[in-house]
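Nothing in this text is a laboratory measurement; each read-out follows from the coordinates by a stated rule. Note that this is a predicted model, so its numbers are computed, not measured. Quick reminder, even Gly has a Cβ in these numbers, built from the backbone with ideal geometry, and neighbours come from all protein chains shown.
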Amino acid sequence: MSLQDFLQFVFAGITSGSVYALTALGFTLIYNATGIINFAQGEFVMLGGLAAVSLHSGGAPLALAAIGAVAVVTVVGLLFELLAIRPLLNASVLAQIIVTVGASLALRTAAMLIWGREAVALPAFTEGAPLSVFGATVVPQTVWVLGVTALIVIALQVFYRRTLLGKAVRACAVNPMAARLLGIPYGRVVLLTFGASAAVAAAGGVLITPISFMSYSSGALIGLKGFAAAILGGLGSPAGAVAGGLALGLLESLSVGLLPWSGASGYKDAIAFLILLLVLFARPQGLLGQVSAQKV
Amino acid sequence: MALVVVLGLLLFAGLGCGSDETTTDETTEDTAASTDTSVGESSDTSEAGDEVAAPTGEPIVFGAVVSATGPAAALGEQERDALEMLEGQLNDRGGLLGRPVEIVIEDDQSNPNEAVTATNKLIQQDGAVAIIGGTISPSTLAMKPITAREGIPQVTMSAANAITDEPPIEWMWRTPPKDALAVARALTHVSEELGVTRIAVLHDENAFGSSGLSEIEKSAADYGLEVVAKESYKTDETDLTAPLTKIRSSEPEALVVWGTNPGPAVAAKNMDQLGMDIPYVGSHGIANMTFIDLAGEAAEGVVFPAGKMLIPETITDPAQKEVVEGFIAAFEEATGQKPNTFAGHAFDSVGLLADAIERAGTTEPGDIQQALNETTGWAGPDGIFNYSETDHDGLEVDDLIMVRIEGGSWVLAE
């Protein structure tokens, strides 16, 4: 394989991987605060992309459409928590997870009724020819995706490590009961988390729509890959989510590139998930996850 | 925790698979066609068609199974609308054999199991003399054993090769061009117009794309073509530069992309990014404005096979031209929408059955069967049909055209 082709596979992996990373971040945020796996996460990504397209075609400049879409989806996330999660806050985590499955189906159907079945597109944030590195090319939009992803990760790390509220959120994840006894408003933390998670997912949706388009059904595959990335990186670790996402994207594209026979792309999911399983056998806590010590 | 993870993976995998299976026959949509003024005359039944004698007596019942809801609703909605419109048209024109026509429409919700229930109900309870449908190939294949057992003519609106390739076909006829025909049309273009021999195939992993690939691999040699690379993708995949880079290293002279939106549009944009300037030959799955809207500049120069209704001006046969223009005008008047390819399938199904019953002079299944097999030169949106005892597809490669995208619009490519 030529250097040019190899780099191209790497760029392809990073492009898909950064989308997985942003989705995985959304899973991580909610899991960190509540222990819930939010299966509507991919749907938030989809809603972000579709909302931005609607705002943009309605006349809003691209930047405003992007911010507006994130705002709209954040409100959806907050409402989702208030209407669906809040009533079950004292039920088992499993019950809450099942609710998110139902919500994902409801959101997908609602999106189909609102936006129809056809995929839609959004112009790239910056015009211009693809950037070339040793003959391999990458579109400027991918740089946007990576840059914004990096900013979000840094912001989240600072929030979790340096702010009182961030520490409160982490406390809720460790032990909700103890957190409440210490005066942390658990309900508000959960609400905040769902809003933030929806916002991150929506940002991902807005960023990738110029690259891969968006339709009401796009959320299912993105959600699956994002979830796998979160597990691979170690559930609960924002840095792990990003590492997991990029690793999954690279695994997929390199398995297409390195397998010598024609038609290898049909096996790329199988290979990626096989490696995911192997990693979990060796490191059950994921790549960057922390071992949760449990006394028996 | 482990339980949650496993549960989650299972759930997600289930959701993902579910959405994959749906696009089985999602081929051409949004057939924007030019409006023409000539309304009327839709099926060349007989000269009695112009007399307006109100039909009397027992209605002749056609049973139709369409996917008006569910994932394939994009296909089935207009089929249902067309069937409703055609029932009115037939009766306004005096019905069939002097009797009124009733088209009982059942919605299978894009689910083959529902199609089976609906077919049994249509035959047993409604007394249908013929069955139209289904919209999607899995439904048609599920209905096939019932109509074959009961000996009731079935005219399908779906495209999988197996429907008429595998016996029994005695009671099954087809209106859309089958997958093999679209492949034949595209490969003819590749070998004769492009004049190349080394092709690569990029296809969707769903039923539509896989069927396209197997057909291309089967018939490439007949056109003097060699498939030097083949790669696949999932319909909603975000980036296709990896499979395209792999394909590029095999140095093909043309790329055939077989899938439904948005995959082929992502591929077109990614080819631009990679600077791949080999010809892009699409499938009839991109015979819609959505592809042009998504791919934008990257869509320019793309060619694909399509039915002639996509560009009605290309119809050379005067009888077909009149029928298609009349259908487009009538459909627009009835629904306010331009008819897509699928509405055309519904039109052909009803028209072919009506024509056969007029010629048979009865509604006895055996007589309809014989009359359908004797159909020659019947013109409709899908083409000019010639059925025989062994050919229940009726169409030929010439019923499809190759279309090129130029300036964000469609032009004839040959």
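Sort B:TRP173, B:TRP378 so that the residue with the fewest other Cβ atoms within 10 Å of its own Cβ comes first and the one with the most comes last. Please list the in-between numbers first.
Working: B:TRP173 27, B:TRP378 22.
Ranking B:TRP173, B:TRP378 by Cβ neighbours within 10 Å, fewest first, gives B:TRP378, B:TRP173.
If the label point is 7 Å along Cα→Cβ of B:ASN373, which residues in segment B:337-360 have backbone nitrogen under 15 Å from it?
Residues B:360 qualify, since their backbone N sits under 15 Å from the label point.
In whole Å and largest first, what semi-axes does the C-alpha gyration tensor of chain B yield when each eigenvalue is scaled by 5 and square-rooted? Walk me through the numbers before you get to the answer.
Working: eigenvalues 274, 122, 73 Å².
Equivalent ellipsoid semi-axes, largest first: 37, 25, 19 Å.
Hey, how many Å between the Cα centroid of segment A:175-217 and the Cα centroid of segment B:77-122?
Between the Cα centre of segment A:175-217 and that of segment B:77-122, the gap is 48 Å.
Could you state the number of Å between the C-alpha centres of segment A:238-273 and segment B:292-353?
That distance is 41 Å.
What number does segment A:3-282 give for Rg over Rh if you use C-alpha atoms and the Kirkwood radius? Show your work: numbers first, answer last.
Values: Rg = 18.8 Å, Rh = 19.2 Å.
With Rg and the Kirkwood Rh in hand, the quotient comes to 0.98.
Quote the convex hull volume per residue of segment B:282-395, based on C-alpha atoms, as a whole number of Å³.
Working: hull volume 14.3 nm³, N = 114.
Hull volume normalised by residue count: 125 Å³.
Per-residue mean of other chain beta-carbon atoms within 10 angstrom of the beta-carbon, peptide B:228-237? Kindly include the intermediate steps, with their values, before the conclusion.
Values: counts 1, 2, 6, 7, 7, 4, 5, 5, 13, 9.
Other-chain Cβ atoms within 10 Å of each residue's Cβ, averaged: 6.
Show me the three semi-axes of the equivalent ellipsoid for segment B:333-376, from the C-alpha gyration tensor (sqrt of 5 times each eigenvalue), largest first, rounded to whole Å.
Details: eigenvalues 146, 21, 10 Å².
Rounded to whole Å, the semi-axes are 27, 10, 7.
Sort the following peptides by mean Cβ neighbour count (other Cβ atoms within 10 Å, averaged over residues), highest first: A:7-13, B:100-106, A:181-187. Can you show the working numbers first?
Details: A:7-13: 24.4, B:100-106: 21.1, A:181-187: 13.0.
So the peptides A:7-13, B:100-106, A:181-187, ranked by packing, come out A:7-13, B:100-106, A:181-187.
Write down the radius of gyration of the protein assembly as shown and its Dmax, each obtained from C-alpha positions, in Å.
27.5, 90
Which order do peptides A:210-219, A:245-254, B:400-409, B:295-304 fall in by mean Cβ count within 10 Å, highest first?
Numbers: A:210-219: 26.7, A:245-254: 24.5, B:400-409: 17.5, B:295-304: 19.9.
Packing order, densest peptide first, comes out as A:210-219, A:245-254, B:295-304, B:400-409.
Please grab the % of Cα pairs in segment B:87-161 that end up more than 16 Å from each other.
Numbers: 1384 of 2775 pairs.
Counting every Cα pair in segment B:87-161, those more than 16 Å apart make up 50 percent.
P(r) tail for segment A:220-282, what percent of Cα pairs lie past 19 Å?
On the way: 564 of 1953 pairs.
Here the tail beyond 19 Å accounts for 29 percent of pairs.
By how many nm would the segment from B:LYS121 to B:GLU58 grow when fully extended, if each residue of separation counts as 0.36 nm and the alpha-carbon distance is taken off? Numbers along the way, then the final one.
Numbers: separation 63, 0.36 × 63 = 22.68 nm, distance 1.89 nm.
Answer, rounded to one decimal: 20.8 nm.
Counting only other residues whose beta carbon sits under 12 Å from that of B:GLU114, what net charge do I get with K and R as +1, D and E as -1? Write down the numbers at each step before the final one.
Working: positive: B:LYS121; negative: B:GLU106, B:ASP107, B:ASP108.
Around B:GLU114, the charge tally is -2.
With each label point set 7 Å from Cα along the Cα-Cβ vector, what nm distance links A:GLN290 and A:ALA71?
Roughly 3.6 nm, to one decimal.
Set the Förster radius R0 to 25 Å, insert the Cβ-Cβ distance between A:LEU94 and A:LEU278 as r into 1/(1 + (r/R0)^6), and round the FRET efficiency to 0.05. Don't skip to the end; give the middle numbers.
On the way: r = 27 Å, r/R0 = 1.09.
Result of the calculation: an efficiency of 0.35.
Assuming 1.306 mPa s and 10 °C, estimate D for segment B:274-329 with Stokes-Einstein, Rh taken as the Kirkwood radius over Cα pairs, in µm²/s. Could you put the intermediate results ahead of the total?
Values: Rh = 13.2 Å.
Translational D for this selection: 120 µm²/s.
Using 1/(1 + (r/R0)^6) with R0 = 25 angstrom and r between the beta carbons of A:ARG170 and A:LEU82, what's the FRET efficiency to the nearest 0.05?
Working: r = 23 Å, r/R0 = 0.91.
FRET efficiency, A:ARG170 to A:LEU82: 0.65.
If a/c stays under 1.5 just call it rounded; otherwise compare a/b with b/c (prolate if a/b is bigger, oblate if not). Do that for segment B:138-186, with a ≥ b ≥ c from the square roots of the Cα gyration tensor eigenvalues. If you can, show how the numbers build up before the last one.
Working: a/c = 2.40, a/b = 2.37, b/c = 1.01.
Prolate shape, in that a/c is at least 1.5 and a/b is the bigger ratio.
Mean residue ellipticity at 222 nm from the helices of chain A, using -39,500 (n - 2.57) per DSSP H segment of n ≥ 4 over the full residue count, to the nearest 500 deg cm²/dmol? Each step should come with its number before you reach the end.
Values: 11 runs with 210 residues, N = 296.
Computed ellipticity for chain A at 222 nm equals -24500 deg cm²/dmol.
Run the dipole for chain A about the Cα centre, Lys and Arg Cβ at +1, Asp and Glu Cβ at -1, nothing else charged, and hand back the magnitude in debye, nearest 20.
Working: 13 positive and 7 negative charges, 204 e Å.
That gives chain A a dipole magnitude of about 980 debye.
Greater than 28 Å separation of Cα atoms is the criterion. Which listed pairs, B:LYS121/B:LYS321; B:LYS230/B:LYS269; B:LYS178/B:LYS321; A:LYS225/B:LYS246, meet it? Intermediate values should be presented prior to the final figure.
Working: B:LYS121/B:LYS321 37 Å; B:LYS230/B:LYS269 19 Å; B:LYS178/B:LYS321 22 Å; A:LYS225/B:LYS246 22 Å.
Flagged as over cut-off: B:LYS121/B:LYS321.
Where does chain B land at 222 nm, in deg cm²/dmol rounded to the nearest 500, when only DSSP H runs of n ≥ 4 count, each adding -39500 (n - 2.57), divided by all residues? All intermediate terms of the calculation are to be shown ahead of the outcome.
Details: 13 runs with 167 residues, N = 414.
My calculation for chain B gives -12500 deg cm²/dmol from helical runs alone.
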